[in-house]
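Please treat every number below as a calculation from the coordinates, not as lab data. Just so you know, these numbers come straight off a predicted model, no measurement behind them. Glycine also receives a Cβ, built like all others from the backbone with ideal geometry; neighbour counts cover every protein chain displayed.
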Amino acid sequence: MNRFPSPLAARIHGLVAHWREIPAARKVQRATLAQWIAQRLHCAQAAQVVIICAHNARHSHMEQLGLAVGALWYELQGLKVCSGGT
């Protein structure tokens, strides 16, 4: 967690604190992905995730960034994130 400059770290802390505001259905989707990633990493296997958005490539790029920053924040080793969109 100490890799981030103070302003960015403060922003990430704020986002983590607002987890409860995410709709329940979206939390279920995210939890499913998180469990899969955790299982892969627990077995010392790489977890490779491709984020796809069929309507706007910018959305997949932002989600890729969010997942990659989260992996760094929580110090997850072996997570590879890519994006693709149309």
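Note the full-extension length gain between GLN77 and ALA34 as 0.36 nm times their separation in residues minus their Cα-Cα distance, in nm to one decimal.
14.1 nm
Sorted fewest first by neighbouring Cβ atoms within 10 angstrom, CYS43, CYS82, CYS53 come out as CYS43, CYS82, CYS53.
Computed over neighbours whose Cβ is under 12 Å from that of GLN48, the net charge equals +2, Lys and Arg +1, Asp and Glu -1.
How large is the charge dipole for the chain, taken about the Cα centre, if only the Cβ atoms of Lys, Arg (+1) and Asp, Glu (-1) carry charge, to the nearest 20 debye? List each step's numbers first, then the result.
Working: 9 positive and 3 negative charges, 15 e Å.
Here the chain has a charge dipole of around 80 debye.
The mean sequence distance of close C-alpha pairs (under 8 Å, at least 6 residues apart), as a share of the length of the chain, puts its relative contact order at 32 percent. Net charge near ARG26: determine it from the other residues with C-beta under 13 Å of the C-beta of ARG26, scoring Lys and Arg +1 and Asp and Glu -1. So the surrounding residues net to +1.
Mind running the shape call on the stretch 1-55? Use the C-alpha gyration tensor, a ≥ b ≥ c as the square roots of the eigenvalues: rounded below 1.5 for a/c, prolate if a/b tops b/c, oblate otherwise.
Details: a/c = 1.78, a/b = 1.24, b/c = 1.43.
It is oblate, given that a/c is not under 1.5 and a/b is not larger than b/c.
Sorted ascending by nearby beta carbons within 10 Å, beginning with the fewest, GLU75, GLU63 become GLU75, GLU63.
Projecting the Cα atoms of ALA44, VAL81, GLN29 onto the dipole axis of the stretch 6-85, where Lys and Arg carry +1 and Asp and Glu carry -1 at the beta carbon, places GLN29 farthest toward the positive end.
Helical runs assigned H by DSSP (4 residues or longer) give the chain a calculated mean residue ellipticity at 222 nm of -18500 deg cm²/dmol, each run adding -39500 (n - 2.57) before division by the residue total.
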